[in-house]
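The values are calculated or read from the model by the stated rules, or taken from the named source; none is laboratory data. Since the model is a prediction, treat every value here as computed from it, not as a measurement. Methodologically, a virtual Cβ is constructed for each residue, glycine included, from the backbone with ideal geometry; neighbour enumeration extends over all protein chains shown.
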Amino acid sequence: MNWRQFLTPVKSIDTNQARDYLAEKRVEDVTILDVRQPAEYEAGHIPGAVLAPLPELTDYLPRIDPTKPVMVY
Amino acid sequence: MAAQLLSGQGFNNIINVAGGFNAWTSEAAFLAEEKGLALFDGVTSVENALAVAYSLEAGLKDFYDSMAVKVDSDPARQLFHQLSQIEVKHQDRILEQYTELTGKPVTRDTFEARQVPEVLEGGLTTEEYANLLMPAYDTVQDIIELAMSIEAQALDLYLRASEKAKNEAGKKALIQIANEEKAHLARLGRLMEETLT
């Protein structure tokens, strides 16, 4: 069985492309989601990123606007 | 994995950052999600959001002014003065924003009277900044780097505050200020490139 058929394609970009992408956007036009643990977020994160640790990610979903692009790391 | 999870939940514009934060080399913000937000606790009104922002800009201006006195080299001193002047412009912009949003005129005195002492943009005192960044202010490049990390921190604080704002106009005002910090950061980035070439 090919598992890939169940996975929705997700765009992946490198950090330089991410920086350029964010530079062109207004802050309210993209959600930056940091899915690491709180201690990692505290030690350093992309400015403007919202903390949503992976284990609790589904709890955070209602707060995220699905009409906006979501940048995840 | 997170990106896959999201795409299965009705989010159809997901961008995964390959390499994650470990590969991120641009300015970073630090501190926990709630840090600095106590300042904005009462963001129940647009007035409140703007008054706090105004005092944060004032704190940063004072910081740059005090650095200008400390440094030995002329170019470094000039740059700190320049950064301080940019903060004054930013304060003017906040006053304009107040009038745009509320229809009421406002003078510097009104906001000066509401100063939050000792606190910089980002919700830290000058000393906390110095300890966290351990900056060397020897070269113009060091100073631009310091200013960029402060602006990144400020952008982050304003956005985190906007997420928590209880008042819609206050939230909008904070987002607008965050966008100005972003433009300010881009200007510093260009200044850095000019300095390096």
Report summary line: Over segment B:155-197, the set of residues in contact with a Leu (Cβ under 7 Å, 6 or more places away or on another chain) and part of a helix (DSSP H, G or I) is B:L155, B:Y158, B:R160, B:A161, B:S162, B:K164, B:A169, B:A173, B:A178, B:E181, B:K182, B:L185
Query raised in the report: Has segment A:2-13 got at least one residue that is at pLDDT 90 or above and more than 7 Å from chain B (Cβ to nearest Cβ)?
Result: no
Query - Search result, residues across segment A:47-67 that are facing chain B (nearest Cβ under 7 Å), assigned to a loop (DSSP other than H, G, I, E, B) and in contact (Cβ under 8 Å) with a residue 12 or more places away in the chain - result: A:G48
